[in-house]
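Just below is one structure, and these are the notes that go with it.
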Amino acid sequence: YQQTITPKVGLTQEIKVKLLTLKEARLAAMKPSIQAPDGQTLLLFQPEDFTMGASRREPGRRANETLRDVGMSTLFYLATHETTNEQFRAFASGHDSGKYVATSLNEDELPAVSLSWHDAASYCNWLSEQARLPPFYNIEFGKVHSINPRATGYRLPSEAEWSWVARTFDSSATETTGDQLRFPWGQNLPPPERHGNYADKAASSLVGRVIFGYNDNYAVAAPVGTYKANHRGLYDIGGNAAEWINDFYEIPGVETVADPTGPTKGEYHVIKGSSWMHGSITELRYSFRD
């Protein structure tokens, strides 16, 4: 900061300057929300260090939920809603989410499902193209063969980003017991009435296990954004449709990691979040990963 001062007799002059760190300056220059070419709103998040996974003592825990400390320093944007069939069909006009038994999953306002990971990555690249941003994924013949890690285009969230934004509290959270959210609604079953779209009474004729005494009024998928947003302004982060993650799947170690993005190669990718088909304590927890 530079300022020129001309002293004057009998006049007291005072300068007050607030200097920003490079990180603060970068944050101040970024918009708190942006709009994607498909009309979705994305919110800016500044994550902090947290713990991923679950304790071995936690009911429902699976062996792939390794408890580990994660350092988070990279800011990111995340869409407030799941992608709808209508939005995805702007990219792939022939997309069909299909049906479950005799119930359609294909209405415009329902979340786009029956998608491969490569389909989701291709949609991200299409958004980048529409916004004239460098694509994150290198794709040939419909398959991702590598990534551009420094690209500013659209991509799927990392498992750490998804977990941080879903599980950690902020000052406006209504549930304050425990260090992190165990379930989308808090620490214990059952969920509050009509909290989100999980395997419920309405789905009892379609799926094997439902939440006893719970009814969200939808046997299968619900229109995106039907239920109240969570404390970070995100809808359906748990429930409705399970979500693809950018990371290749692995069973992680216990060592501390910083801004993890998963293995550099693999056969499968991570899936996070329960859906309308999930009703067990294992699947409903935020630490569940598949």
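The values are calculated or read from the model by the stated rules, or taken from the named source; none is laboratory data. Model, not experiment: these values are computed from the prediction. Here the Cβ is made from the backbone with ideal geometry for all residues, glycine too, and neighbour counts use every protein chain on show. Heads up: the accessible areas ignore ligands, DNA and RNA and are worked out on the full protein's heavy atoms, side chains in. Shrake-Rupley method; radii C 1.70, N 1.55, O 1.52, S 1.80 Å.
Does Y286 count as farther than 30 Å from P149 by Cα, at pLDDT 95 or above and either open to solvent by 30 Å² or more (accessible area, probe 1.4 Å) or among the aromatic types (F, W, Y) (or both)?
It is false that Y286 is farther than 30 Å from P149 by Cα, at pLDDT 95 or above and either open to solvent by 30 Å² or more (accessible area, probe 1.4 Å) or among the aromatic types (F, W, Y) (or both).
Kindly establish whether T66 is of a type outside the set (A, V, I, L, M, F, W, C), part of a loop (DSSP other than H, G, I, E, B) and loosely packed, with under 10 Cβ neighbours inside 10 Å. Talk me through it step by step, then tell me what you get.
Values: of a type outside the set (A, V, I, L, M, F, W, C): yes; part of a loop (DSSP other than H, G, I, E, B): yes; loosely packed, with under 10 Cβ neighbours inside 10 Å: no.
So T66 fails the test.
Just a yes or no: is a residue in the stretch 157-167 touching a His at 6+ places or on another chain (Cβ under 9 Å) and modelled with pLDDT of 95 or more? Don't jump to the end; show me each part of the working.
In the first step, residues of the stretch 157-167 are kept if they are touching a His at 6+ places or on another chain (Cβ under 9 Å); the result is none.
Looking through the stretch 157-167, none of the residues is touching a His at 6+ places or on another chain (Cβ under 9 Å) and modelled with pLDDT of 95 or more.
Condition first: over 21 Å from A120 (Cα atoms) and not in a helix (DSSP H, G or I). Can you find one or more residues in the stretch 236-248 that meet it?
So the first thing to find is which residues in the stretch 236-248 are over 21 Å from A120 (Cα atoms), and the list is none.
No.
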> Is one or more of the residues making up the stretch 212-226 within 18 Å of the chain's Cα centre (by Cα), assigned to a loop (DSSP other than H, G, I, E, B), within 18 Å of R62 (Cβ to Cβ) and not small (G, A, S)?
Replying inline: no
> Looking at (1) in a loop (DSSP other than H, G, I, E, B); (2) open to solvent by less than 60 Å² (accessible area, probe 1.4 Å), can you tell me which one L43 breaks?
Replying inline: (1)
> Within the bounds of the stretch 121-130, is there any residue that is more than 24 Å from L75 (Cβ to Cβ) and open to solvent by less than 40 Å² (accessible area, probe 1.4 Å)?
Replying inline: yes
> Hey, E193 hits all of (1) in contact (Cβ under 8 Å) with a residue 40 or more places away in the chain; (2) in a loop (DSSP other than H, G, I, E, B); (3) of a type outside the set (V, I, T) but one; which does it fall short on?
Replying inline: (1)
> Of all residues in the stretch 95-107, which are in a loop (DSSP other than H, G, I, E, B) and open to solvent by less than 70 Å² (accessible area, probe 1.4 Å)?
Replying inline: H95, S97, G98, L105, N106
>> Name the residue that is nearest to D236 (Cα to Cα), counting only residues in the stretch 80-94 that are in contact with a strand residue (DSSP E or B) (Cβ under 9 Å, 6 or more places away or on another chain), in a loop (DSSP other than H, G, I, E, B) and open to solvent by less than 60 Å² (accessible area, probe 1.4 Å).
In response: E82
> Given the residues G225, G279, G196, which is the only one that is surrounded by fewer than 18 Cβ atoms within 10 Å (Cβ to Cβ), among the small types (G, A, S), under 21 Å from L110 (Cα atoms) and modelled with pLDDT of 95 or more?
Replying inline: G225
